[in-house]
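Have a look at the structure below, then the notes.
The values are calculated or read from the model by the stated rules, or taken from the named source; none is laboratory data. Values in this document were obtained by computation on a predicted structure and should not be read as measured data. Please note: Cβ atoms are built from the backbone with ideal geometry, for glycine as well, and neighbour counts cover all protein chains shown. To get the accessible areas, we keep the full protein, side chains included, count just its heavy atoms, and leave off ligands, DNA and RNA. Shrake-Rupley method; radii C 1.70, N 1.55, O 1.52, S 1.80 Å.
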Amino acid sequence: MMKLTRYVVYDIIRNKVIMAYTLFLLVVSLSLFQVEENQGKAILSLMNIVLIVLPLVSIVFATIHYYNSYEFIELMLSQPLGRTRIIFSEYAGTALSLLMAFLLGVGIPVLIYSPDDSGLSLLFTGCCLTLIFTSLAFLASVKARDKARGIGSVLLLWFYFALIYDGLVLLILFNFSDYPLEKITLLLTALNPVDLGRIFIMLKMDISALMGYTGALYKDFFGSGTGLLFTSSIMVLWIVLPLLWAIRIFNKKDI
Amino acid sequence: MIRIEAISKKFRKLQALDNISAQFEKGQAISLIGPNGSGKTTLIKCILGMVRPDKGNIYVGGHPVKQEHEYRRMIGYMPQIGRYPDNMRIGQLFSMMKQLRNDKQGGLDETLVEQFGLKKIYDKPMRTLSGGTRQKVSAALAFLFDPAILILDEPTAGLDPLSAEILKARIIEQKKKDKLILITSHILSDLDELTTHVMYMQDGKMVFLKGLDTLQEQTGELKIGKAIARIMKADGDQEDWIKKMFTPSNEQKIY
Amino acid sequence: MRLLFITILSILFLRSEARIIMAGPTAEIKELRKALALARDGDSILLQAGIYKEGSLLIERSISLIGTNAILDGEKKYQVLLVSGKNILISGLTIRNAGYSAMEDFAAVKVVDASNVTIENCHIINAYFAIHISNTRAVVIRNNRIEGTPRSEQLSGNGIHLWKSNFALIENNHVTGHRDGIYFEFVTSSTIRRNHSEKNIRYGLHFMFSNDDAYIQNIFNDNGAGVAVMYSKKVRMEANRFDLNWGASAYGLLLKDITDSYIARNIFYKNTVALHMEGTSRIEIRNNDFRNNGWAIKVQASCDNNRFWRNNFTGNSFDVATNGSVSLNQFSQNYWDKYEGYDLNHDGVGDIPFRPVSMYSMIIEENPNALLLMRSFTVQLLDKAEKALPVITPGNLTDDKPMMKYIKQ
C-alpha cells in the first residue's frame, strides 16, 4: 500500500502550488507571531486561516490533482492492483502532502511560539480539516466525470461549510429562539467540521465564559476526555465516511 | 487467452458495446479497427477491468475479469495518451512500476528502454517530456514485464518514424514469441505486416473478426489497409457496403 | 477654690492612672477576660504571645488592645470580640475559628454602635464574618489580613462588612475566601483605599445604598462575580484594578442604578464583562484601560447621559454591547484597537467615526446561543457588511473622534 502512496507524495511535494502553499502558511504564521504582541491573538488570526484558507486549498488542490492524475490512475488500473488500493493510495498521498505543508507552515511556528493547549488544538483542527476536505474532494471528484464540474462542486462544498452553513444555523436560532436550543446548537455545529474545529479551539482559549452557563457546560464537555473523544470521533467520521463513499463509487466506476 | 462473452455496455444513451463476443488466442496479432467512437477503447477498457460491462463476461487466461485484478499481471498495456505525475522522473516511474508489479520471476524486458534511449533521460521529470517521449515511456512500460498479452492503444500515433519502426519490430518479435497482441488503430496501413486478424467495430457492434488471409481472399485486396480506409471514408453507405461484403450469405457475390 | 483644686487633682490623677496592663502566660494576669474587666477608659492592654480560648469578649471602654503574636481562638463556637463604644484600638491580634450562626451574623470582630474604632494589623483566619461593623462613625480598618475558608454563598460571610456607618476608612487590607470581600450598605462619606480583595466567592466589593464614597487604588481579582456597585450616588472609583473576574456571570464592575459618579484611571483586564451598566446616569468614565475582556462595556438601554472619554479598548472580544436601538450615551476620543479608519490630517484623531457595537454583539444580546458562532467566517462577513451599512446597530452609538494611538494614561 505505502509504495504507491510514497510516489504520489513524492510527486506532490515537488508541486509548485504545494510549495507556494507551504511558504504562504509559514510566512503568515511567522509574521503573525512576530507582529501580535500576544500569542492568543496570533492563534486567533491563524484560526481564521485554518478554518477558511486551509479547507479551500485542500479541497481545490486535491480535486485538481485527482483530475490531473486521471491517466495515471488509468495506468495503475491496468496493473495487477486492486482499485481500493489505488484510490486509497492517491488519497493518502494527497492528504499526507497537504498535511506536511500544514505542519511545516503552521505547525513549526506554533510549536515554537505557542506550544500550549490552544496552539495544539489549532494544529489538531488543522490536521483534521485537511484530511476531511481532501476526503470530500475525492468524493466530489469520483462523482463528477468532468473536471470543471468537479471543481465547481467542491467550491460549492467549501462555500457551504465555510459560509452558508453558519448562516443557516443563525436562521434556525432566530426562528426557534423560543425553544431551548443549547443541545441542538451543539449538535448542529458538530455536523459541520469547520464549526466543530472552531469551537474546539475557542473553548481552549477561554472564550467559554462569554457563553454564560451553556458555555461553561461546553467547556466542561470539550475540556474533558469525553469531549476530546467526541470531537475526534466526529472528525474521524468526517474523514472516513466521504472517503469510504468515494472508494465505493470508484470501485464501481467506469474509468 | 481472452474470451469475450456477449458483453454490452451503455453510457447513458450511447450504446458503446453491443453484444460483443470474441475469442483471442496466443500467437495472434489482432487489429482492432473502426471509426472514432466505435467502441474500440471501451472494449479494451473492459478487458482491463476499467469499464464494467452491463452484461456478459470476459475471461483472461481463464480468470473472470470481474472479480480479480491479478490477471492483469499477464497484460502489458500501452494507453492512447500517456500522462504521468508531473514531478515524477522517468527513472522513478520505472522503479515504481517494478516495485508495484513485484514480479518474482524477474523476467524484465528492458530492450525498448534501451532502444528508445530512455536511460539517458532517467532524471527528467515527466512534465518536461514531449508527447512522443511519453509514448515511448508508455510503450517501454507495456513491454517491461514481458507479459503474455500486449494491449496497445494507437501505439504509433505520436511516435516519430524511427521510433515507430523500433516499436513495430518489437511487436513482431513478441508475436514470434507466441504472445497475444491486441492493437487498436483507425487505420491499418503501418501495421499490416504484423496483423494476423482484423476485428472491425462500428457503433459498438462487432462487424467482423476474421483472419487476415481470409480477408485478403474475400476482398481480393492484398493491401487490406487501403480497403478499410476507403470503407471508413465512404461515410453514408459504408455500413451497407460492409454488410454486403461480409455477411456470410453475400460472401460469394463480392468481387 | 478647694473644689477646683480637687477637680484638677483628680484629672491629673486620672491621667496618670492611664495604665498599661500586661496579660498573658507569663504576666500576672493570665486571661484576657480579666484584663478587659480591669481596664478603664484610656488603658492599654498588651497581650502576650499565646493562644487564648476565652469565648466571646466584650470591649466597651475606650481602650487599646495590642497583641504580639497573640492568638484568639473562637473554637468555631463564639464571636470573639464584641466592640461597642468609642476611641477603641484593636491591633496586632490573630483571631481564628470564629463561630458560625445561621440566625445572626457571627463575626470574628463585631463592632456595633461605636465611633473612632480602629482595627489594624490583625490577622483573621477562618471566620464566618471577619470584621462586622454596624451603626458607627469614623471607623478605621487597616493593614489587616483576612483569610476565609470558602464554603458556599450561604455558609460564608463577608470579609469586611459595614452597615449604616459614615466616615469610615478601609485601607490596605487583604481579603480572600469570603462571600464578599468588602461589603458596604448605607455607608456614606467613606474611603476604601489600597485594598486587595481576591478569590472571594461572590463580590470583591459589594456596595449598596452608599453615597459620597470613594474607592481608590484597590485590586479586585478572581472574584466569583467581580465588583458590584448598586443604588448609590456620587461614588468615585479611581485607579483600581479589576482583573480576571472570569466566569459565566462575572463582571469586572457591575453598576446598577448609579448616578453622578466618576470612574477613572482604572484597569479592567480579562473579565468576562469588564463594565456592566444598568440604569446608570450621568457617569463620567474616562482614562480607563479595557484589556482582553470578553465584553469591555455592556450598556443596557436604561442608561443615559454617561460619558465615555479617552479610554483604551484593546483585545476585547466585544468593545461595546447594548440591547437598545438608540443610545443616550456619549463616546468620544477613545482608542479602539478595532478601528480601521485613517487620519489624513495627522492630528491623531481618526477621520471617520467608529462604531463600537458590532452586529454580532447585538445578535447575541438577543440570542445567546448564537455565541457558538463566534469568530465564524459568516459572522465576520455579517459584521463587515453591517459596518458598511448599519441596519440593526444603534445608529448614533459612535465615537466621532476615535484616537489613532493608544492613550497613555
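So here's what we get for this one:
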quantity: C:ILE95 vs. criteria without any contact (Cβ under 8 Å) to a residue 40 or more places away in the chain, over 19 Å from the mean Cα position of the chain (by Cα), buried (at least 17 other Cβ atoms within 10 Å of the Cβ) and over 21 Å from C:GLY85 (Cα atoms); calculated: no
quantity: Residues (hydrophobic (A, V, I, L, M, F, W, C), open to solvent by 50 Å² or more (accessible area, probe 1.4 Å) and more than 13 Å from every other protein chain (Cβ to nearest Cβ)) located in the range C:350-403; calculated: C:ILE352, C:ALA388, C:LEU389, C:VAL391
quantity: Selection count, the range A:68-87, where residues are part of a helix (DSSP H, G or I) and open to solvent by less than 20 Å² (accessible area, probe 1.4 Å); calculated: 8
quantity: Number of positions in the range A:146-161 that are of a type in the set (Val, Ile, Thr) and more than 18 Å from A:VAL50 (Cα to Cα); calculated: 1
quantity: Criterion (among the aromatic types (Phe, Trp, Tyr), closer than 29 Å to A:SER224 by Cα and within 14 Å of another protein chain (Cβ to nearest Cβ)) met by exactly one of A:PHE133, A:PHE161, A:PHE124; calculated: A:PHE161
quantity: Number of the exception - C:ILE88 against (1) surrounded by 18 or more Cβ atoms within 10 Å (Cβ to Cβ); (2) part of a loop (DSSP other than H, G, I, E, B); calculated: (2)
quantity: Qualifying residue in the range A:89-111 (condition: without any contact (Cβ under 8 Å) to a residue 12 or more places away in the chain and not aliphatic (A, V, I, L, M)); calculated: no
quantity: Filter pass, B:MET97 being among the hydrophobic types (A, V, I, L, M, F, W, C), under 18 Å from B:PHE143 (Cβ atoms), touching a strand residue (DSSP E or B) at 6+ places or on another chain (Cβ under 8 Å) and at the interface with another protein chain (Cβ under 10 Å from one of its Cβ atoms); calculated: no
quantity: Residue among C:ASN221, C:ASN245, C:ASN240 that alone is away from chain A (no Cβ under 14 Å) and crowded, with 24+ Cβ neighbours inside 10 Å; calculated: C:ASN240
quantity: Matching entry among A:LEU129, A:LEU104 (being open to solvent by 10 Å² or more (accessible area, probe 1.4 Å), among the aliphatic types (A, V, I, L, M) and at pLDDT 95 or above); calculated: A:LEU104
quantity: Residue that is nearest to A:LEU181 (Cα to Cα), among those in the range C:318-359 that are of a type outside the set (Asp, Glu) and without any contact (Cβ under 8 Å) to a residue 24 or more places away in the chain; calculated: C:ILE352
quantity: Residue within the range A:33-43 that is open to solvent by less than 10 Å² (accessible area, probe 1.4 Å) and within 13 Å of another protein chain (Cβ to nearest Cβ) present; calculated: yes
quantity: Failed criterion for C:ALA127 (all others in (1) over 22 Å from the mean Cα position of the chain (by Cα); (2) crowded, with 20+ Cβ neighbours inside 10 Å; (3) not in a strand (DSSP E or B) hold); calculated: (1)
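Here is a yes/no grid of residues against (1) in contact with a Gly (Cβ under 9 Å, 6 or more places away or on another chain); (2) part of a helix (DSSP H, G or I); (3) surrounded by 17 or more Cβ atoms within 10 Å (Cβ to Cβ):
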site: B:VAL113; (1), (2), (3): no, yes, yes
site: B:LYS120; (1), (2), (3): no, yes, no
site: B:ASP123; (1), (2), (3): yes, no, no
site: B:ARG127; (1), (2), (3): no, yes, no
site: B:GLN135; (1), (2), (3): yes, yes, yes
site: B:SER138; (1), (2), (3): yes, yes, yes
site: B:ALA142; (1), (2), (3): yes, yes, yes
site: B:LEU150; (1), (2), (3): yes, no, yes
site: B:GLY158; (1), (2), (3): yes, no, yes
